[in-house]
Amino acid sequence: RVINTVSTQADLLRRTYVGKIKTLGTSSIVLLTSEGDRTVVTNDVTTFYRYKSGTRSEISFSKLTVGAELAAVGTIDPSNLEMNARQIIAKVHRYNLVGTVERIQGDIFSIKEFNGPTTDVDFSDAVSLKKNLGTLFIPAKTSDFKVNSTVFVIGYSDQVSATLSALKADIVSL
């Protein structure tokens, strides 16, 4: 009975905060959540990671930036709502872009979105590049992408830089 009570109390105290990073300390984070500001304290046993394309990768505290969204899992002190984090999960945002290639500098392509801004996209780690041959899409290389090509890109942002990373890109027309 005592073991069940302790286990139940531990489960009640283990929780999650989700929000945007408001401030970063040397080992703490203030998150802006739907319930207001919440402090998350990390330590040497806290794990940091993100998911990208279904793959989990380890990151470090130093990769977190103000404004980035994350989920923190840990134990919350009910007296001050401060969390001791066991896990920090950085969110990766996916984007779809359709536009025209304006500039190419190495693996960085500047794409002018239709009725939108120009976005820099890093093609260096793209897992699928294709080009349209009428009714058929065939494999492509980054060298097949040219200035003034119309492209469709699925990319992601880890919110550390303004440049998106391409997952997939198709040349719709040359």
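Things to note:
- Checked against (1) in contact with a Lys or Arg (Cβ under 9 Å, 6 or more places away or on another chain); (2) surrounded by 15 or more Cβ atoms within 10 Å (Cβ to Cβ), Ser128 meets all criteria but (2).
- Looking across segment 12-47, the residues that are loosely packed, with under 13 Cβ neighbours inside 10 Å and in a loop (DSSP other than H, G, I, E, B) come down to Gly25, Thr26, Ser34, Glu35, Asn43, Asp44, Val45.
- Scope segment 52-105; condition farther than 26 Å from Ala169 by Cβ, among the polar types (S, T, N, Q) and in a strand (DSSP E or B); matching residues: Thr75, Asn84, Gln87
- Residues located in segment 69-95, provided they are open to solvent by 60 Å² or more (accessible area, probe 1.4 Å) and in contact with a Ser or Thr (Cβ under 9 Å, 6 or more places away or on another chain): Asn80, Leu81, Glu82, Asn84, Arg86, Arg94, Tyr95
- Any pair with Cβ under 7 angstrom, 6 or more apart, that starts in segment 32-44 at a residue that is farther than 16 Å from Asp77 by Cβ and ends at one that is open to solvent by 40 Å² or more (accessible area, probe 1.4 Å): Leu32/Lys20; Leu32/Lys22
- Any hit, segment 96-107, residues being touching a Ser or Thr at 6+ places or on another chain (Cβ under 9 Å) and at pLDDT below 90: no
- Test: residue in segment 138-158 that is modelled with pLDDT of 90 or more, among the aliphatic types (A, V, I, L, M) and open to solvent by 70 Å² or more (accessible area, probe 1.4 Å): yes
- Among the candidates Ile104, Ile89, Ile76, the residue that is over 27 Å from Ile154 (Cβ atoms) and in contact (Cβ under 8 Å) with a residue 12 or more places away in the chain is uniquely Ile76.
- Each residue in segment 159-174 was checked for being farther than 26 Å from Tyr49 by Cα, among the hydrophobic types (A, V, I, L, M, F, W, C) and open to solvent by less than 50 Å² (accessible area, probe 1.4 Å), and 1 of them qualify.
- Scanning segment 100-114 for residues being among the hydrophobic types (A, V, I, L, M, F, W, C) and open to solvent by less than 40 Å² (accessible area, probe 1.4 Å) gives a total of 3.
- Pick from segment 33-79, criterion of a type in the set (Lys, Arg) and over 12 Å from Tyr17 (Cβ atoms), ranking: modelled with the lowest pLDDT: Lys52
- The residues in segment 115-125 that are surrounded by fewer than 17 Cβ atoms within 10 Å (Cβ to Cβ), part of a loop (DSSP other than H, G, I, E, B) and modelled with pLDDT of 90 or more can be counted, and the count is 1.
- Residue selection: Ile171 fails the criterion of being free of Cβ contacts under 8 Å to residues at least 12 places away in the same chain, among the aliphatic types (A, V, I, L, M) and not in a loop (DSSP other than H, G, I, E, B).
The values are calculated or read from the model by the stated rules, or taken from the named source; none is laboratory data. As the structure is a computational prediction, the values presented were derived from the model and not from experiment. Heads up, the Cβs are rebuilt from the backbone with ideal geometry, glycines too, and the neighbour counts pull from every protein chain shown. Please note that ligands, DNA and RNA were not included when accessible areas were found on the heavy atoms of the full protein model with its side chains. Shrake-Rupley method; radii C 1.70, N 1.55, O 1.52, S 1.80 Å.
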